1. Taking each residue in C:24-34, count the Cβ atoms of any other chain within 10 Å of its Cβ, then average. What number comes out?
2. Pairing the Cα long axis of helix A:494-504 with the longest principal axis of chain A, what angle in degrees results, from 0 to 90 and rounded to the nearest 10?
3. If you fit an axis through the alpha-carbon atoms of helix A:474-484 and take the longest principal axis of the Cα set of chain A, what angle between them do you get, 0 to 90°, nearest 10?
4. Would you order B:548, B:472, C:151, B:353 from fewest to most other beta-carbon atoms within 10 Å of each residue's own beta-carbon?
5. Determine the shielding of peptide A:91-103 by partner chains: average, over its residues, the number of Cβ atoms on other chains within 10 angstrom of each Cβ.
6. Can you tell me the orientation of helix A:77-92 relative to chain A, as the angle in degrees between its alpha-carbon axis and the longest Cα principal axis, to the nearest 10?
7. Please give the average number of partner chain Cβ atoms lying within 10 Å of the Cβ of each residue in C:57-66, rounded to a whole number.
8. Please report the spacing between the Cα centers of the stretch B:310-326 and the stretch B:130-153 in Å, no decimals.
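Taken together, the values in this text are just the output of simple stated rules run on the coordinates, not laboratory data. All values derive from a computational prediction rather than experimental measurement. Virtual Cβ from ideal backbone geometry, glycine too; neighbours counted across all protein chains shown.
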Ligand code: SF4
Ligand code: SF4
Ligand code: SF4
Ligand code: SF4
Ligand code: FES
């Protein structure tokens, strides 16, 4: 391992590393535009120049390998001068767009101009005119004037998605970024280019002119849309989610996330969401108080088990719930004594970058928490059959995924026959139309807990927005059901439940929020996936 | 005057252990001492002839949440003899936030320590009466702690609840003998305020009366507490300027100036001369307004209505000047970090001269109606006397102290801005009674007029703002058309000015005494701690002692001459 | 230049006596009468010397620096100049501005779909004006913001628009003096 000195500090660097990442990792901030940790080196912006002893000219840190005994200076007048020069050149033709640019506030051009630039404009020449507001894909907009030609986006499309939509055209000071003729930027990961664009040239249509970034509060979380469990940051303000951005985790998603997952947040703030429990006393569903709805559910379950036996109750769990909630649900199931429990999981297309076929964040967790039929129990299809045959009297369905996976005819037949249908979900659906009791669920963004991704990595999610009217989480609903069914005093507090899991589920032994941390906790290989 | 290095050396040679750190940052000397040494160091600092720190300006704390020694109790000292300053700092543990009270050394520490206890929960061992001062007794938590959320709501006390009628036993003031009433009968409890026609400012004074003699008094402040410090700490440096207006709302510019000077000191920056002159002009005009209100209101509350109208008429003239200068009469929001919000308007000098001419006539008339008036004189002369030493011990500054003959005016003692280039007198009183206080204020107004007139003659041309984009927003003309300046504007507005980490204290002479800002920067755009040491708070404290043993009627002129400004006292 | 201390001159010791009291009374009468005649004369020649203003019949003429409520500058085409950049919203110490941006087909692609100022919280400090990079929000001469309900103190974009030439000779004149600092 070569030893180098940066600004008088001795640093041990990994062999063959480039100077820039070594400096950044050691807290020496060297400004840079074109370099990106997950992309190849381009060396075009010249912002990262530093002084190296013995070298006659300044060198670019992103493309200079470390050498034993290298002495680097990042703060000398020559370096500062060079940075000022780079900034001035970049800004000569830059449009005066900050007031209308989505990037303002997190723009590297602004940051570096303020920190390293001259802070005084010297030129008066008119600025270059190029195309603005160009729609380059279904989800992306390009403003060519703002582009500083760092080519991060070009490299992303070449190296990560291998789709090559973007390129730099023309030469010299007429060069500009554009999409290839007839090839819109439409890949499944296109919005990542807006994240890595250091300026406001590439913008996501979804976030375009929505909100100033400095208002946003940030909560680390995990994407709910597939079982890859991409790490994300939820950006929210006034109890509403405005956008989601990938959070770097080299073991899961590097620095990226797919467009589908990124845009899948609207449901959280949807006005048509279920907010109040409903009960069907006559022909119509009526809004009732929580205690009444839960009392009814508990009574029905208890009476049915008592008169018709535990096998007349079926539970279909949702792989969108957290491990903690699923664990509580498992307790409800075993208290009832039924073996008819399964998870309805939508399986679709995957790809070989991030997207996984299992379209729920916690499919693995649901299996690990034991929400699948055990010996003698019925799976989803069998439960529906049994219900259609009149053998299943109560069906407790969480989420609406069952509507997407089950055979529609079998499902309708079953729902008509079943004595009491309890549905717990976020939205109205054909299921709730047929339900006897409807319990509203919370979405992932309103909860704290853990998800287990397909590779067995347990990761935390955190409450980003507050639920309205102190609506209870699913975990709390299960805890209250447990209480009503007559088993002591259960509360729902994610940290405590995770401790219970640690002692009850062998594969999760020793787990805690502290061990999960920001980057997740990989379950031991031996734990294996039950699927 | 000893320089900072000598002060620190003197302390170090006396306390070989115990002094954990001493440093000089931006010309402020400060020492960090072990808690068990605090009282000894305080005594020494006060008694040692070469130090003689006889004036305790301020006691407060800084909450370093997350550190084991979480609270840093900070004392600011001043020597009226040598005119030098010192900051004492003591770290106390989060588990056991207790430190010795310095009331035995400076009696004025009483309220200041109560405030620190109220706001931070730091306890003071040996304090005679450690109860809350701004918050009500049932308040939960300590609002200036960093883990106290700004939005938290507290249960308020309703009118019917027993707490609404809070009646503490009035504590004895340490070192004073009990006043014997003439009648020797049972005492009568009278409440003056919180809203009383003869007190301008919302304050509640509990009085125990023996006949008409005040046997004991408890002054309860805090009715106008708005969380100035909490609010400043949650906004950017530039966002606090309008809040400083609301400290002393009768002389807002003086409060602006002190604050902006403190932030500039954090940066180690100095504003250009024209700006300094404008600040002096604005400040002195504000001082006149403040004294006019004090003088007029005193007359009014002693039943003389006409002089009050004359004084207010004169103040209208002042407000017109302030209005032309900053666009508002009271809430000036005039000074900026690194400059002032606008240059003087065209024709301002002439407007000033005309206004001053009439103003001086009106002041003369006010004076003429009062100074010969036997009733007014009977109520002012010989009333509210306290020795200069005792006043200093209480931390009193400004006209109140000068009326007792103490030559302490920061404009003269530690000249700042351009005061060292100006010619003015510092009026002193001879007997220290209310009449002297009244006369000192009248004389100071004339001096302020003199200062402004000099400034208007001397003011140089040139920029009004510092040429440093890290401090001052760029001129709008450049923001509209230039890229770098547009970016500067964005960065300054969204992230605020970011001074280097450090702490400074700046004391300036406001209308009622020393207004001092103690700022702690952690390098971000928001002050980590923004403390305003306000004169009204310290000046109000001796009120109870001033009126003990006097007649109830003496309460009003004495209170008026203290000129408690609610916004400043309660922050 | 120098400062010096001077002792204030106290009035002569009070000797209770008819002469002195009579003198004080006469002096008082002299002063108040002077004011009376002066004011009366001003009243007669219609150049009032009194400083009270008979609001609302009479209104003060404010200097052009005057900071009344903040308003939005309306351009000649009737639209606001504001582009919803949000700086004023962020700079406002009392958080009384609420803006929701949106896109337009105009050349400048962004405009405020919603621009509300809660006048019951606004303290007329002018920091919004100082933050604005477009000269789109300016303090006006208006201070009459009373309403019959709290809701009425919430001013919307349409209420806030003021044509630019109405502001030119008042506050805009004042701030433009400092443009080339
Ligand atoms: S890219 Fe950055 S500098 Fe350019 S207009 Fe947008 S925010 Fe301003
Ligand atoms: S669009 Fe952005 S990422 Fe792509 S080259 Fe231009 S500045 Fe770089
Ligand atoms: S004047 Fe001040 S308080 Fe009012 S909107 Fe503007 S910034 Fe906010
Ligand atoms: S600062 Fe100006 S342009 Fe920006 S939102 Fe406010 S008024 Fe509009
Ligand atoms: S980051 Fe090194 S040249 Fe761009």
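1. Per residue, the number of nearby Cβ atoms from other chains is 4 on average.
2. 70
3. Orientation of helix A:474-484: about 30 degrees from the principal axis.
4. Going from sparsest to densest Cβ surroundings: C:151, B:353, B:548, B:472.
5. The shielding value for this peptide is 5.
6. 70
7. Rounded to a whole number, the mean comes out at 4.
8. So the two Cα centres are separated by 38 Å.
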